Structure formats: structure tokens, C-alpha cells
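Encoded as C-alpha cells, the structure appears first; notes follow it.
The values are calculated or read from the model by the stated rules, or taken from the named source; none is laboratory data. Bear in mind the structure is a predicted one, so any value in this text is a computation, not a measurement. Every residue, glycine as well, gets a Cβ built from its backbone with ideal geometry; the counts of neighbours run over all protein chains shown. We work out accessible area using only protein heavy atoms, side chains counted, and drop any ligands, DNA or RNA first. Shrake-Rupley method; radii C 1.70, N 1.55, O 1.52, S 1.80 Å.
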Amino acid sequence: MSFASDIREELVRIPGECDLCRKAALCALIRIDGTIYLSGAGRYRVEIATDYGNVGRLIVGYLHDIYNLKTNISYRRSVLHNTQNYQIDVPYQENIELVLKDLGILDENNSLIRGLAPQYKCRNCCSKSYLRAVYLASGFISEPKSAFHFGMNVTTEALANDLTQLLNDLNVHARLVKRRNSWMVYAKSGKDIEEFLKVVGASDSAQRINEVREYKAQRNETNRFVNAEMANLNRRLDASIGQIKDIEVVLKKGDLQSLSPAIREFIKLRVENPEASLKEIGEMCNPPLSKSAINHRARRLAQIASDLKKE
């Protein structure tokens with residue numbers, strides 16, 4: 001299974017902590033995956049569609065267990081995506097209007113509640129249950145080995161704002177963007193995605209994200225070290241090549257014996273050790289010299305070569 005499927009399988013097994021948690025989850029699943037039809041005063045019916053069998057079973061279970069509603073289930077395969085689609089029909093029943101109000105989908109005036117129903121904001125466990133269900137209905141997390149990307153799509157700006165605020169209150173730094181006729185709540189930080197998975201109870205998936213984050217951090221640290229070493233090596237080779245060119249000028253145009261013993265020693269050590277750093281050259285001197293002292297000799301050699309070129 002894919003990483004996204006593993007997360008979904010882990011989340012559907014998490015029970016709500018209280019009865020209101022289960023209602024919060026059912027509310028979110030209907031809000032995201034459902035369509036409400038009105039065929040007369042108070043005569044509502046609901047159609048819910050999902051591509052995931054485990055999510056479909058969860059919805060049907062909640063409808064039966066909490067409200068004892070009758071449901072009809074049908075299956076069809078999408079030719080375009082080659083996936084199974086599950087259609088859950090909740091026909092008109094006498095108490096269905098009260099159910100939609102109790103869930104926080106309709107208000108007292110039978111208008112759609114566009115944001116998060118107030119009863120789910122006041123209890124931490126219910127807020128997490130609602131987030132878990134929104135993810136089951138419309139969420140995705142990309143394979144962490146390739147990139148960190150998490151998002152949930154909703155149809156109203158009010159609900160998107162409420163979800164973003166809820167996530168930020170739970171220390172998940174989420175953002176919001178409009179996508180055609182929907183709104184996406186998203187995050188692209190591995191730390192925030194890991195925190196989200198912990199919040200909704202997907203501890204195994206959160207641990208996997210953590211392992212990938214640690215691996216990527218170690219890999220990046222190794223890359224930085226290698227790049228720094230390569231840069232140092234390139235600078236060292238450039239400096240060595242420049243000094244060897246200065247030595248060639250001195251040997252061709254000057255008198256080696258006229259040079260000071262210190263410069264002659266530097267020339268001898270550089271010719272014998274073309275890839276050594278100045279620090280290493282200084283350690284080879286007798287007595288050993290500091291980096292500052294050996295730098296002085298290199299600059300003195302460069303000045304002698306420059307003077308000879310002018311002559």
C-alpha cells in the first residue's frame with residue numbers, strides 16, 4: 001500500500017473518545033463527501049460518495065449506530081481512474097432533519113452551517129476527531145521520501161478558515177489557498193506534517209515521517225560537509241597552483257641563491273607537496289610555523305615573482 005493508504009487505514013481504526021467525537025467525525029464526512037437534497041418541507045435525503053471502502057464502512061457504521069438511519073449502498077468502478085467508488089444513499093426518514101441539525105450541518109433555520117459547528121470547537125478530543133474525518137474524506141500526504149506535502153480540500157472558505165485556525169491552535173502551522181471552487185488547507189513542513197499525524201492519532205505514520213526527516217537532515221548535513229570540503233580543496237589547489245607559477249617565474253628569471261633561506265625552504269616544500277595546504281606546509285617547516293607566518297612567506301614569494309615579471 002502507499003503511504004497515504006497506510007495513514008487512512010490507521011486513522012479509520014481510531015475510536016472517538018466520546019459520543020460527540022463520533023458525531024464530529026460523521027459531520028465532517030458528510031460535509032466533505034456528502035450532498036444534501038431537499039424534496040419538500042423538511043424532506044431531506046443525503047448521498048455520500050467515497051473512493052475508500054474503509055471510509056464507507058465507517059460512515060455507514062456511524063449512521064446506523066448513532067442515529068439508526070436506513071442506508072442503501074451501491075458500488076461502481078471509475079473507468080477514468082480504475083478505482084472502486086462507494087455510493088451511500090440515506091433516503092428521507094422522519095428524523096433526518098433532526099439528525100442534520102444535531103450533527104451541526106444545518107442550523108435552527110435549516111440553513112447550511114458553512115463553518116465548523118460550535119459544539120466541536122469547545123472540546124479538544126472532538127476537534128481532533130473532526131480533523132481526522134476531514135483528512136479521511138479529502139486529505140492527502142505525499143510520499144515523504146520524495147517531498148513533504150499535506151493538504152485537505154473543503155468547499156467553503158468559512159470551514160477552511162476554521163480548520164486552519166484549529167490546526168494552528170494545535171501547533172500545526174497550516175496555510176490556506178483557493179483552488180477553483182474549493183479551498184485547500186495545507187502544510188509543506190515535515191515537522192508540521194508529523195505534528196498533524198500525532199494530533200489525529202496516527203502515531204505509526206508520524207514515526208515514519210520522523211525517520212524520514214532525520215534521514216534527510218543527516219543527508220543534508222553530509223552534503224553540506226562534502227560541499228564545504230570540496231570548496232576548501234578547490235581554494236587550496238588554486239592557491240597551490242598560483243604559488244607554483246610564482247616559483248616557476250623565480251626559477252626562470254631570478255637567482256635562487258639570492259633568496260632568503262625562509263623563501264628557499266618554502267619553495268622546496270611547495271614543489272615537493274603541491275597539494276598540501278599552507279597550514280600543512282607550515283607544519284613541515286623546521287621549526288614548524290604558524291599559518292600566519294607561512295602566509296607571510298607565500299605573499300613574499302608572490303611579491304618577488306611580480307617584481308621579476310616587471311623587470
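When each of 153, 171, 210 is tested for being within 20 Å of the chain's Cα centre (by Cα), of a type outside the set (D, E, K, R) and assigned to a loop (DSSP other than H, G, I, E, B), the lone residue that passes is 171. When each of 22, 57, 45 is tested for being in contact with a Pro (Cβ under 6 Å, 6 or more places away or on another chain), surrounded by fewer than 21 Cβ atoms within 10 Å (Cβ to Cβ), basic (Lys, Arg) and at pLDDT 90 or above, the lone residue that passes is 45. Checked against (1) buried (at least 18 other Cβ atoms within 10 Å of the Cβ); (2) within 23 Å of residue 105 (Cβ to Cβ), residue 206 passes all but a single condition, namely (2).
Looking across the range 268-311, just one residue is touching a residue at least 24 places away in the same chain (Cβ under 8 Å), more than 52 Å from the chain's Cα centre (by Cα) and part of a loop (DSSP other than H, G, I, E, B), and that is 311. In the range 109-124, the residue that is least open to solvent (accessible area, probe 1.4 Å) out of those that are closer than 14 Å to residue 167 by Cβ and part of a loop (DSSP other than H, G, I, E, B) is 116. Counting only residues that are under 18 Å from residue 244 (Cα atoms) and of a type in the set (S, T, N, Q), the range 283-300 holds 1 of them.
Among the residues making up the range 64-81, a single one is among the hydrophobic types (A, V, I, L, M, F, W, C), open to solvent by 80 Å² or more (accessible area, probe 1.4 Å) and in contact (Cβ under 8 Å) with a residue 12 or more places away in the chain: 73. Condition test on residue 251, is it over 30 Å from residue 3 (Cβ atoms), open to solvent by 80 Å² or more (accessible area, probe 1.4 Å) and of a type outside the set (Phe, Trp, Tyr)? In short, yes.
Residues are listed down the side, and each one gets a yes or a no for (1) open to solvent by less than 70 Å² (accessible area, probe 1.4 Å); (2) under 26 Å from residue 44 (Cβ atoms):
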residue	(1), (2)
83	yes, no
91	yes, yes
102	yes, yes
105	yes, yes
126	yes, yes
142	yes, no
177	yes, no
181	no, yes
188	no, no
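For the residues 180, 123, the requirement of being on the phi > 0 side of the Ramachandran plot, at pLDDT below 95 and among the charged types (D, E, K, R) singles out 180.
The residues on offer are 33, 51, and the sole one that is of a type in the set (Asp, Glu) and open to solvent by less than 50 Å² (accessible area, probe 1.4 Å) is 33.
Please go through the range 74-97 and pick out each residue that is in contact with a helix residue (DSSP H, G or I) (Cβ under 8 Å, 6 or more places away or on another chain) and under 21 Å from residue 8 (Cα atoms). Within the range 74-97, 84, 86, 88 meet the criteria.
For the range 158-195, a residue qualifies if it is in contact (Cβ under 8 Å) with a residue 40 or more places away in the chain and closer than 13 Å to residue 115 by Cα, and the qualifying residues are 158, 159, 161, 162, 163, 166.
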